[in-house]
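This report concerns only the one structure given below.
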Amino acid sequence: MKMKQLRTGIATAAVACALCATMAGCASQNAGNVTSEQDENSNVEAATITTRTVTFPSMYFQDQATEDVQAKLQEQGYSDITANEDGSYTVTMSIDKYNDLVDSMHDTVANQLDGMPNSENWQTITAIQYDDQFSNVTLTTSSSQVGLREAFAPLQAGIISCMYQQIAGQPVKCTVSIVDESGAELSSSVYPDALDSEQKDAVVAN
């Protein structure tokens with residue numbers, strides 16, 4: 001139980017930070033680069049000419065009252081806000097606001113991943129590499145084997161990467177590998193498949 005709580009705590013903290021930064025909004029060079037193809041796990045519905053409908057997974061809103069969540073989403077300029085039974089929220093936004101949201105979240109996830117090496121939580125992680133869509137993340141460790149600390153690093157990287165992919169309307173799949181300093185692979189996990197059913201339901205909005 002304690003192990004599961006630790007895993008959930010790490011992931012929830014990462015998601016909370018990502019949400020706060022994303023809701024602030026900031027445009028970047030990635031604007032307009034959202035794929036139009038919809039994966040079966042994507043929570044972004046087909047775009048109209050001027051709007052997109054997006055479902056934010058329940059993990060964004062843990063322990064928050066419905067009226068508080070709806071008020072925050074409305075403050076961000078989202079409309080047609082619907083609280084779903086699984087704890088997720090579906091909103092409608094302009095295509096420009098959607099592109100800003102995707103850009104903001106991309107920057108936030110990249111900053112969180114970049115901040116992992118040599119941090120207080122991940123002292124043995126010395127480097128990180130990832131592609132632009134966060135479909136492959138590689139963590140380099142100074143250890144010769146995957147210890148307890150390193151074991152939770154893929155969880156954080158995988159969850160925040162998958163949540164970006166969902167919002168961006170991309171295929172939701174992130175392979176997180178841990179390698180030693182020689183480049184030899186020590187472990188590899190595919191998210192969200194590596195999550196237990198409860199966590200997967202929280203991350204992947206239906």
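In region 137-156, of all residues being among the hydrophobic types (A, V, I, L, M, F, W, C) and modelled with pLDDT under 95, the one that is most open to solvent (accessible area, probe 1.4 Å) corresponds to 148. Of everything listed in (1) modelled with pLDDT under 50; (2) of a type outside the set (Asp, Glu); (3) open to solvent by 20 Å² or more (accessible area, probe 1.4 Å), the single unmet condition for residue 46 is (1). The condition (being of a type outside the set (Phe, Trp, Tyr) and open to solvent by less than 10 Å² (accessible area, probe 1.4 Å)) is satisfied by just one residue among 95, 128, 160, 81: 160. Condition first: touching a strand residue (DSSP E or B) at 6+ places or on another chain (Cβ under 8 Å), buried (at least 18 other Cβ atoms within 10 Å of the Cβ), at pLDDT 90 or above and not in a helix (DSSP H, G or I). Can you find one or more residues in region 99-114 that meet it? No, the conditions are met nowhere in region 99-114.
Only one of the numbered conditions (1) without any contact (Cβ under 8 Å) to a residue 40 or more places away in the chain; (2) in contact with a strand residue (DSSP E or B) (Cβ under 7 Å, 6 or more places away or on another chain); (3) closer than 22 Å to residue 73 by Cβ is not met by residue 153, and that is (3). Could you check region 131-159 and list, in sequence order, the residues that are touching a helix residue (DSSP H, G or I) at 6+ places or on another chain (Cβ under 6 Å) and in a strand (DSSP E or B)? If the condition is that a residue be touching a helix residue (DSSP H, G or I) at 6+ places or on another chain (Cβ under 6 Å) and in a strand (DSSP E or B), then 137, 139, 141 are the ones that fit.
The values are calculated or read from the model by the stated rules, or taken from the named source; none is laboratory data. Predicted, not measured: the structure shown is a model, and the values here were computed from it. A quick note on method: Cβ atoms are made from the backbone with ideal geometry, for glycine too, and the neighbour counts reach across all protein chains shown. Heavy atoms of the whole protein, side chains included, go into the accessibility calculation; ligands, DNA and RNA do not. Shrake-Rupley method; radii C 1.70, N 1.55, O 1.52, S 1.80 Å.
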